[in-house]
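Trainee: Please find one structure pasted underneath; my questions will follow.
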Amino acid sequence: MPAMNHGPKGPAQRMRPRVRVENPGQLISRLLGYIGRKYLIHCILVVLCIFASVFAMVQSTLFTKTLIDDYISPLLLSSAPDFAPLAAAITRVAVFCAVGILAALLQQQLLVNITQGTLRNLRNDLFSRMQKLPISYFDTHSHGDIMSIYTNDIDTLRQMISQSLPQMLNSGISIVSVLLSMLFLNLPLTFVSLLMIGVMLLCSKKLVGLSGTYFLKQQRDLGTVNGYIEEMMDGQKVIKVFCHEEQATQEFKKLNDQLFDSAYNANRFANIFFPVVIQLGNLSYVVCAIVGGIMALSGFWGFSLGGLVSFLTFNKSLNSPIGQISQQLNSVIMALAGADRIFRLLDEDEEVNDGYVTLVNAKVEADGSITESEHRTGTWAWKHVHQTDGTVDYVPLKGDVTFDHVDFGYVPGKIVLHDISMYATPGQKIAFVGSTGAGKTTITNLINRFYDIQDGKIRYDGININKINKDDLRRSLGMVLQDTHLFTGTVMENIRFGRLDATDEEVIAAAKLANADAFIRRLPQGYQTVLTGDGASLSQGQRQLLSIARAAVADPPVLILDEATSSIDTRTEKIVQDGMDKLMAGRTTFVIAHRLSTIRNSDCIMVLEQGRIIERGSHEQLLEEKGRYYQLYTGNKPSDQTA
Amino acid sequence: MIKTLSKQLGEFKKDSLLTPLFMVLEVLMETIIPLLMASIIDDGVEKGDIRHICVVGAGMVVLAAIGLAAGVLGGAYGARASAGLARNLRQAMFENIQTFSFASIDKFSTSSLITRLTTDITNVQNAYQMILRMCVRAPISMICAMAMAFFLSPELACVYLVAVIVLGIILALIMRRATVYFKQAFPKYDDLNASVQENVSGIRVVKAYVREQFETSKFMTASRNIYNIFVKAERQVVITMPLMFGTVFTCILLISWLGAKMIVSSGQTALTTGELTSLLAYCMNILMSLMILSMVFVMVTMSMASAQRIAQVLEEKSELENPADPIFEVPDGSIRFDHVSFRYNETCESPVLNDISLDIRSGETVGIIGGTGSGKTSLVNLISRLYDVSAGAIYVGGHDVRCYDMEALRNQVAVVLQKNVLFSGSVIENLRWGNEHATREECVAACQVCCADEFISKMPDGYDSHVERGGANLSGGQRQRLCIARALLKKPRVLILDDSTSAVDTATDAKIRTALSTQLADTTKIIIAQRVSSVQSADRIIVMDDGAVCGFDTHERLLETNAIYRSVYESQTQGGGDFDENGGED
């Protein structure tokens, strides 16, 4: 069963990529702030390097003119040409160029660090934030959407940080410096040039708008198609059994054609961007040449022909940086949409953990009083610092749990558990029975505060669990869930997940208790066998045994068990249940029970129906009552029996 | 492989041919326009000839317009060709997967099929667009510029030739080294994402054991490793940019020096100043094209693996084929296994099913019980020809299953698979998978038989309620009941339930079985189960062990004669069974 089943059984909201990025300015500044926080010096150096390399580039382009005007022309006129000044000039430019190359080298190396480092920081921040989010977040966001933040969105950001931003800065500096030189040469002609740039910008804006919209639409359509592919591939065997190939293909064709449409348009507008800008640049060259030519010939503003030549060279060199900026815009739009989703996750509220009662190692003195100990004593106590007067109480950890008129709903206003009251004294077993959807799993999720209750109180050893530090509360509870989750790592590590400081011997002892030792020893590398893909190489029963061992090594006073053992053959099921029995011995246990022996051995059975406890008592008492329990047990309606 | 993929170009062949053509046109304009620019300066501005400026300017505008048209069309055709190739590939793969046999699906695995249909296609699409637009453009641009350079001054152009060769070799070396690093880096990156996936789906376990800190620090270590290896790999790649700068600068300075000497010593005869300016302008063109070419090369190499994986799916042929003259009607629900052996793979040593012979009468209810891996599922999957037998034959309604039209057979032999799936859509849409023409009443009736009506009618919109992908908003038992109802709507001759009520409580399970036996009296029902209680009321029970049938008889007789059956029965009834075990034992 997928994890969704534990949560509110309502539709999960999907984070569809939206077709428009809101507040791009705010996003960029936040992103830059994020990068700058860790890499400010790097960034400053990169900017300096970009200045240096642009400078070197300009020097080398300007040199052609200097070469001809200042060196070749005079040399041509002189009878005994002296190449020494030219050699000196070339050496000077070579030095500039060398500096430029070094700057480019440094800039690129720094950028690698900035980019990869920022991505690493983002990943780490995302992950640690995700770990702190409440369970309800995972109920309402599909796993695929969360995953795509780590993969797609981070990838688009890499492109933007490592290429788009520096490229745009580089081009921006070039454009500004060229424009300044042009202004210096001829003011009116610069206006002509600027006018053309204005036209370019106008066209660019139109094209960016078009392609940007289609790019985001393409992302969305790609998401839809991929989602459909995943769903159909997951159900491929069902499709075959129901001969639904034709329908599936038809539906796919529709979505696929839509994607083609948006992908085609997105790329088309992106592709025609560059030629448009370049050719407009050429047009600008012609216009400036004609206007400038007329101005120079009429002697207007003392504009010389030589000046016009320089001006036209500058005008030409504007072309390529403007083209480059225009090419980067699309990836910036995509990256910002990704950054938006990343920051949204980072902005999610953490699970509240304001409990001040903590769990400490305790020592029981000769007179029966409890003191705190620095070392692991095997005995635990709740340390309760009273907020009013600052006095400290130590309450021994025993495993006494009380529900007092508890109401709960996953969404406000929709109560799914009504007025639940019950208690379990240390070592008692409480069994929940009832049909699917009666609220059995929900109750167990309240004890460890996966969800917070709306009304009523839950007490653990007499302390309201809202006052207990969540981590400590959960540490005192063991959980064996119906769907087991194993992590990539050795079998040993997976069991040790229950208690990190457990020794190898303790882990093996726990595995023995859980009846897992025998099959683990048969694995190729025993306890050191590496599990991958959620323990894909193990059978369902073996995975369950490992999760029991994990709870056993944690050795908590209170245990929450989900006994459902579907699709396990009888032999394995017996081993699993035997392991569970051993684990339950001596602990307060809440068990979602299916097995007759578990229920018979329970101190109290709660029969749940539609979020209420409708019957409670021991097996015999409940049979006497001839109510719902009797009906579940015998398969007969009470009336059948009396009839 | 290239052949398989290029076949999918289909209607986009024209676009694929036009794109490079327009690119060549654009490059030609790009090469000619600088000549005109030079002419404007040399013959127009320098000489103060405004007429010349206007005439050449007009020519340049015309060329620019042609260049613009070529660029726009080339871009558009390129986009269409690559997006079109992607669409056709996706469609062809999807369609071919629909013809896959179960064996092929198993061979590729679901997750790998998904990657091939998504990431791999995107890679190929991007690479194809690059090839169309750049692979012609860059070399042509380089050759044009090089030709111009040689035309202007063969001696000086040799500088470029040397530069191109040297830079080319260095680029190739860098790219080769970088590819090695990237090949190491990408699997690590996948591992990192796998660990995120693991934590997202296992978040309850992480939280229950307060392992947030632990997992985060584990993740951070992995993410630091990724950082290190990517930094190493990218450091290689980014050298190319400064290297390129260096070559450009060297060429410019070298040509400036040599050119100046040449002009001065020959007195503007061997080379003019204008020609020197043009020579220098071509420098950027030549080297930039080389650089783009090397980038395209890397991209193409990286997408090669993707192309290969796509081709594999396209080339996969289903080994199950419809017979030449198929039978469309299954006359009755009788099933006969005649010395059937089966192995999933030719290379497997021991068969999954070994020499099985069975005779099941039409309308009979047959239970199958046996441990994990005993071959229960394999046995029933052969009946609707999801796999072909390796030896022997299976007869349904008196005909060999290989004589039937496959669709007809599967419609009349309904299987409710162990791993069953619901699709996003309404409840009624899911039900109509069984029969798209089923009326609402028929759907309700089917749901009543398998006790699904009771929970559906309680859902907010009844039969129009939305079902999430995979049925995520339903419980396991509810999903199973819907899946049975969906199969019932086929009105099959044979109904196979492969452990399909494991999550349904025993009382409901019993109700379903009773309803099935009374309302589908003519349908042969085969029920695989783990619980003895689910099968003991069947007419006969097959006990399977290690790929063989070790008992096929009634519950009572098996208890007497079959040791395996007896031990399973005893272990489940003596306190070890489910608490609602007795449900259905009226």
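Trainee: What is the number of the single condition among (1) in contact with a Gly (Cβ under 8 Å, 6 or more places away or on another chain); (2) under 30 Å from A:His594 (Cβ atoms); (3) of a type in the set (S, T, N, Q) that A:Thr425 does not meet?
Mentor: (1)
Trainee: Now for a different question. Out of B:Phe423, B:Phe455, which single residue is part of a loop (DSSP other than H, G, I, E, B) and either within 22 Å of B:Asn473 (Cβ to Cβ) or not aliphatic (A, V, I, L, M) (or both)?
Mentor: On the way: B:Phe455 fails: part of a loop (DSSP other than H, G, I, E, B).
Checking each option against the conditions leaves just B:Phe423.
Trainee: Just checking, does the range A:195-211 include any residue being free of Cβ contacts under 8 Å to residues at least 12 places away in the same chain, in a helix (DSSP H, G or I), over 30 Å from A:Thr442 (Cα atoms) and touching a helix residue (DSSP H, G or I) at 6+ places or on another chain (Cβ under 8 Å)? Before the answer, list the steps.
Mentor: First, the residues of the range A:195-211 that are free of Cβ contacts under 8 Å to residues at least 12 places away in the same chain: A:195, A:198, A:201-202, A:205-206, A:209.
Imposing the further condition that a residue be in a helix (DSSP H, G or I) reduces the set to A:195, A:198, A:201-202, A:205-206, A:209.
Right, trim to over 30 Å from A:Thr442 (Cα atoms) and you get A:195, A:198, A:201-202, A:205-206, A:209.
Next, only the ones that are touching a helix residue (DSSP H, G or I) at 6+ places or on another chain (Cβ under 8 Å) stay: none.
Scanning the range A:195-211, I find no residue that is free of Cβ contacts under 8 Å to residues at least 12 places away in the same chain, in a helix (DSSP H, G or I), over 30 Å from A:Thr442 (Cα atoms) and touching a helix residue (DSSP H, G or I) at 6+ places or on another chain (Cβ under 8 Å), so the answer is no.
Trainee: Checking B:Phe249 against (1) within 35 Å of the chain's Cα centre (by Cα); (2) within 30 Å of B:Arg177 (Cβ to Cβ); (3) among the hydrophobic types (A, V, I, L, M, F, W, C); (4) facing chain A (nearest Cβ under 7 Å), which single condition isn't satisfied?
Mentor: (1)
Trainee: Now for a separate question. Please tell me if B:Asn381 is in contact with a strand residue (DSSP E or B) (Cβ under 9 Å, 6 or more places away or on another chain) and outside any strand (DSSP E or B). Give the derivation first.
Mentor: Working: in contact with a strand residue (DSSP E or B) (Cβ under 9 Å, 6 or more places away or on another chain): yes; outside any strand (DSSP E or B): yes.
Judged against the criteria, B:Asn381 is a match.
Trainee: Something else: Taking B:Val27 as meeting all but one of (1) closer than 24 Å to B:Val300 by Cα; (2) aliphatic (A, V, I, L, M); (3) without any contact (Cβ under 8 Å) to a residue 12 or more places away in the chain, write down the number of the exception.
Mentor: (3)
Trainee: If we keep just the residues of the range B:45-77 that are over 20 Å from B:Thr31 (Cβ atoms) and at the interface with chain A (Cβ under 8 Å from one of its Cβ atoms), which is surrounded by the most Cβ atoms within 10 Å (Cβ to Cβ)?
Mentor: By that ranking, first place goes to B:Ile53.
Trainee: State whether the residues of the range A:393-408 include one that is under 24 Å from A:Leu481 (Cα atoms) and within 14 Å of chain B (Cβ to nearest Cβ). Step through it out loud before you land on a result.
Mentor: From the range A:393-408, those under 24 Å from A:Leu481 (Cα atoms) are A:397-403, A:406-408; that's our starting set.
Of the ones still in play, those that are also within 14 Å of chain B (Cβ to nearest Cβ) are none.
Among the residues of the range A:393-408, not one is under 24 Å from A:Leu481 (Cα atoms) and within 14 Å of chain B (Cβ to nearest Cβ), which makes the answer no.
Trainee: How many residues are farther than 15 Å from A:Pro556 by Cα and more than 14 Å from every other protein chain (Cβ to nearest Cβ) if we restrict to the range A:577-603?
Mentor: 1
Trainee: Quick one: how many residues across the range A:544-575 are closer than 12 Å to A:Val480 by Cβ and at pLDDT below 80?
Mentor: Number satisfying all stated conditions: 3.
Trainee: Out of all the residues in the range A:460-503, which are free of Cβ contacts under 8 Å to residues at least 40 places away in the same chain, over 24 Å from A:Lys398 (Cα atoms) and out of contact with any helix residue (DSSP H, G or I) (no Cβ under 7 Å at 6 or more places or on another chain)?
Mentor: Answer for the range A:460-503, where residues must be free of Cβ contacts under 8 Å to residues at least 40 places away in the same chain, over 24 Å from A:Lys398 (Cα atoms) and out of contact with any helix residue (DSSP H, G or I) (no Cβ under 7 Å at 6 or more places or on another chain): A:Glu493, A:Thr503.
Trainee: What's the number of the only condition in (1) modelled with pLDDT of 85 or more; (2) surrounded by fewer than 22 Cβ atoms within 10 Å (Cβ to Cβ) that A:Leu259 fails to meet?
Mentor: Looking at each condition in turn, A:Leu259 falls short on (2).
Trainee: Within the bounds of the range B:398-413, is there any residue that is more than 14 Å from every other protein chain (Cβ to nearest Cβ), touching a residue at least 40 places away in the same chain (Cβ under 8 Å), under 19 Å from B:Asn354 (Cα atoms) and not aliphatic (A, V, I, L, M)?
Mentor: No: the range B:398-413 contains no residue that is more than 14 Å from every other protein chain (Cβ to nearest Cβ), touching a residue at least 40 places away in the same chain (Cβ under 8 Å), under 19 Å from B:Asn354 (Cα atoms) and not aliphatic (A, V, I, L, M).
Trainee: Against the conditions (1) farther than 13 Å from B:Arg211 by Cα; (2) surrounded by 19 or more Cβ atoms within 10 Å (Cβ to Cβ); (3) within 32 Å of the chain's Cα centre (by Cα), where does A:Thr490 fall short? Just the number, please.
Mentor: (2)
Trainee: Report yes if some residue within the range B:24-43 is in a helix (DSSP H, G or I), under 15 Å from B:Arg133 (Cβ atoms) and at the interface with another protein chain (Cβ under 9 Å from one of its Cβ atoms); otherwise report no.
Mentor: yes
Trainee: Hey, among B:Ile383, B:Ile356, B:Ile360, which residue is touching a His at 6+ places or on another chain (Cβ under 9 Å), modelled with pLDDT of 85 or more and of a type in the set (A, V, I, L, M)? Even if it seems obvious, please write down each step before you answer.
Mentor: Working: B:Ile383 fails: touching a His at 6+ places or on another chain (Cβ under 9 Å); B:Ile360 fails: touching a His at 6+ places or on another chain (Cβ under 9 Å).
None of the others qualify; the one that does is B:Ile356.
Trainee: If you scan the range A:290-306, which residues turn out to be modelled with pLDDT under 80 and either of a type in the set (D, E, K, R) or surrounded by fewer than 19 Cβ atoms within 10 Å (Cβ to Cβ) (or both)?
Mentor: Narrowing the range A:290-306 to residues modelled with pLDDT under 80: A:296-306.
Listed by number, the residues that qualify are A:Leu297, A:Ser298, A:Gly299, A:Phe300, A:Trp301, A:Gly302, A:Ser304, A:Leu305, A:Gly306.
Trainee: Restricting attention to helices (runs of 4 or more DSSP H) lying wholly within the range A:479-596, give those where 3 or more residues are within 30 Å of A:Met422 (Cβ to Cβ). Can you show your working first?
Mentor: Details: elements: A:491-496, A:504-513, A:517-522, A:540-554, A:570-584.
Here the list reads A:540-554, A:570-584.
Trainee: Quick one: A:Lys65 ticks every box in (1) more than 29 Å from A:Gly338 (Cβ to Cβ); (2) more than 10 Å from chain B (Cβ to nearest Cβ) bar one, so which box is it?
Mentor: Failing condition for A:Lys65: (2).
Trainee: Something else: When you go through (1) surrounded by 22 or more Cβ atoms within 10 Å (Cβ to Cβ); (2) at the interface with chain A (Cβ under 9 Å from one of its Cβ atoms) one by one for B:Glu212, which number turns out not to apply?
Mentor: (1)
The values are calculated or read from the model by the stated rules, or taken from the named source; none is laboratory data. Keep in mind the model is a prediction, meaning the values are calculated, not measured. Quick reminder, even Gly has a Cβ in these numbers, built from the backbone with ideal geometry, and neighbours come from all protein chains shown.
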